[in-house]
Amino acid sequence: MSRLPAAFHWTVPVRGDGREADPGRRPRGGWNPGARREFRPVFTDPRPGNVGPFDHLSAIGRAADVAGFDGVTVPFDPDGEDSWITAGTLLRETLWLRVGVEFPPAFATPVYAAKLSVSLQRFTGARLDWHLAVDIDPARRRALGDHVDGDDRYARADEFLTVARGVWHEKEFTYEGRFHHVLEGGFFGPLSGVPFPRVHLTGTGDAALALSARHADVHVFGLDDDLAEHTDRLRQAGRERGTDIALGLRVPVLARADAAEAADDLARHQAEAGRAAGPGAEPTGLVGSYDDIAARLAEYRDAYGITQFFLAAHPAVEEAYRIGEHLLPRLHAARTPAEASL
């Protein structure tokens with residue numbers, strides 16, 4: 001049993017949002033203005049517009065907070081809004097949510113990332129999580145000025161997390177590595193003694209699982225991963241190091257009142273995106289009634305011990321309320337007695 005109770009997190013889109021099936025045509029947040037539907041108000045307002053791109057992201061965070069999610073995740077997208085700025089503001093905008101910021105190890109030095117995080121933890125009641133994006137597409141990584149390849153990516157991530165924890169928990173921390181060097185670093189005064197962010201890692205290769213065994217609080221898999229094999233390998237790596245790693249699952253969902261309505265919406269989305277329904281269609285995640293999807297997620301919990309679920313759907317505001325009203329109560333009702341006591 002994971003030391004973390006079952007939790008459900010919502011995904012914040014950082015490159016446009018909306019009802020459109022094609023991600024390239026989602027206009028909300030100031031993206032893809034050519035796809036925006038014309039809006040004719042019944043009154044006129046001569047003042048200049050003060051509603052900016054963040055207001056939509058803020059609405060998603062507030063919706064997830066009100067709907068009863070345990071947290072939100074802000075993905076790293078080189079072509080989208082910055083995940084750190086978005087996550088920091090969502091922490092300020094919400095009251096209860098844990099906010100996970102996804103970022104690559106090349107984002108900054110581990111000391112600077114730790115310094116940013118210790119202030120965010122102090123300001124927001126220690127609600128910040130880290131999602132370290134180690135395995136980024138090589139072309140995108142080089143476009144960002146990062147030329148570390150192969151298993152060196154995981155060696156650097158290992159050093160990054162070692163140094164970040166070191167300066168966080170120790171005074172006069174010194175480290176000499178291949179990628180990072182620190183001489184007598186560390187935080188003092190009110191910046192010390194703050195909880196370190198929960199670390200989320202991904203991947204199914206040997207280097208990725210070994211990194212999680214050393215550093216992860218949560219290892220997040222995808223629906224397409226061979227969960228039986230990979231969760232067993234991760235648990236074995238954790239046992240060898242004496243670590244207890246919670247398991248997470250990233251799950252796109254299309255949940256409706258009944259399976260027929262969900263199937264109709266799926267067919268409409270696929271038709272809008274120019275894709276044929278059936279074999280060969282783009283992976284959609286879990287599609288079905290609220291009861292169907294609650295049962296499927298319970299199966300992942302029971303079969304693989306997964307307790308952290310990272311759900312996603314578009315449009316993010318409306319779907320957050322829908323999932324919060326209809327799916328989350330079923331998921332909480334399905335918690336085991338052991339989970340409910342955590």
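Each reported figure results from applying straightforward, stated rules to the coordinates on display, with no laboratory input. Worth saying up front: this structure is predicted, and the values here are computed from it rather than measured. Here the Cβ positions follow ideal geometry from the backbone for every residue, glycine too, while neighbour counts run over all protein chains shown.
Quick rundown of the values:
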| read-out | value |
| --- | --- |
| Y175, Y290 arranged by Cβ crowding within 10 Å, fewest neighbours leading | Y175, Y290 |
| Anisotropy class of the stretch 138-263 from Cα gyration tensor, a/c 1.5 cut | prolate |
| Nitroxide proxy distance, nm - points 7 Å out along Cα→Cβ at D225 and A155 | 2.4 nm |
| Length added when fully stretched, I85-A263, from 0.36 nm per residue minus Cα-Cα | 60.4 nm |
| Cβ-placed point charges (K, R +1; D, E -1), dipole of the stretch 62-166 about Cα centre in debye, nearest 20 | 500 debye |
| Potential lengthening between E240 and R178 on full extension [0.36 nm per residue; Cα-Cα distance subtracted] | 19.8 nm |
| For the chain, with +1 on Lys and Arg beta carbons and -1 on Asp and Glu, the positive-most of A210, G242, P75 along the dipole | P75 |
| Burial order of peptide ranges 68-75, 14-21 (average beta-carbon count within 10 Å, highest first) | 68-75, 14-21 |
| Order by protection proxy (mean Cβ within 10 Å, highest first), peptides 190-200, 141-151 | 190-200, 141-151 |
| Contact order relative to length of the stretch 85-141, as percent, for alpha carbon pairs under 8 angstrom and 6 or more apart | 43 percent |
| The stretch 119-211 - charge dipole about Cα centre, Lys and Arg +1 at Cβ, Asp and Glu -1, debye rounded to 20 | 440 debye |
| Length added when fully stretched, A108-A333, from 0.36 nm per residue minus Cα-Cα | 76.8 nm |
| Residues R250, R62 arranged by fewest to most Cβ contacts within 10 Å | R62, R250 |
| Length-normalised contact order of the chain in % [C-alpha pairs under 8 Å, at least 6 apart] | 20 percent |
| Beta bridges per DSSP with both ends in the chain, % antiparallel, nearest 5 | 10 percent |
| Magnitude of the charge dipole, the chain, Cβ model with Lys/Arg +1 and Asp/Glu -1, debye to 20 | 780 debye |
| The stretch 69-185: radius of gyration and largest Cα-Cα distance (Dmax), Å | 14.8, 41 |
| Global form of the stretch 61-116, assessed from the alpha-carbon gyration tensor, a/c cut-off 1.5 | prolate |
| For V72, distant residues with modelled amide H under 5 Å away | W10, R98, V99, G100 |
| Per-pair calculated FRET efficiency, R0 = 30 Å: E299 and W96 via Cβ, rounded to 0.05 | 0.60 |
